[in-house]
Amino acid sequence: MVGVVRPGGWRRSSKCESAGCVEVWRDASSVQVRNSTDEDGPVLRFEVAAWAVFVRGVEALSAERQTPA
């Protein structure tokens, strides 16, 4: 994952130019996602495999939108 490492190991996309981004933290068994503007707020936790499926889906949608009609 390309990004900026924040305190505690949280990562934010290098393309994030505002405070309103998500941050991601990963260990061997899970991926956690939080709102960068609410570091003490709720955290979504995903199994690594489920996160990989989500990322592939986002990448596919992004590629589809970039394909000229």
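FRET efficiency for the pair Phe46 and Thr67, taken as 1/(1 + (r/R0)^6) with r the Cβ-Cβ distance and R0 = 25 Å, rounds to 0.35.
Quick one, can you get me the convex hull of the C-alpha atoms of the range 20-69 expressed as volume per residue in Å³? All intermediate terms of the calculation are to be shown ahead of the outcome.
Values: hull volume 4.1 nm³, N = 50.
Dividing the Cα hull volume of the range 20-69 by its residues yields 81 Å³.
Entry note, the chain: the mean residue ellipticity at 222 nm calculated from DSSP H runs of n ≥ 4, each adding -39500 (n - 2.57), is -9500 deg cm²/dmol after division by the residues and rounding to the nearest 500.
Averaging the sequence gap over all C-alpha pairs within less than 8 Å and six or more residues apart, then dividing by the number of residues, gives the chain a relative contact order of 17 percent.
Computed from the coordinates by the stated procedures, all read-outs in this text should not be read as laboratory data. Small disclaimer: the values here were computed from a predicted structure and weren't measured. Neighbour counts run over all protein chains shown; Cβ positions are idealised from the backbone, glycine included.
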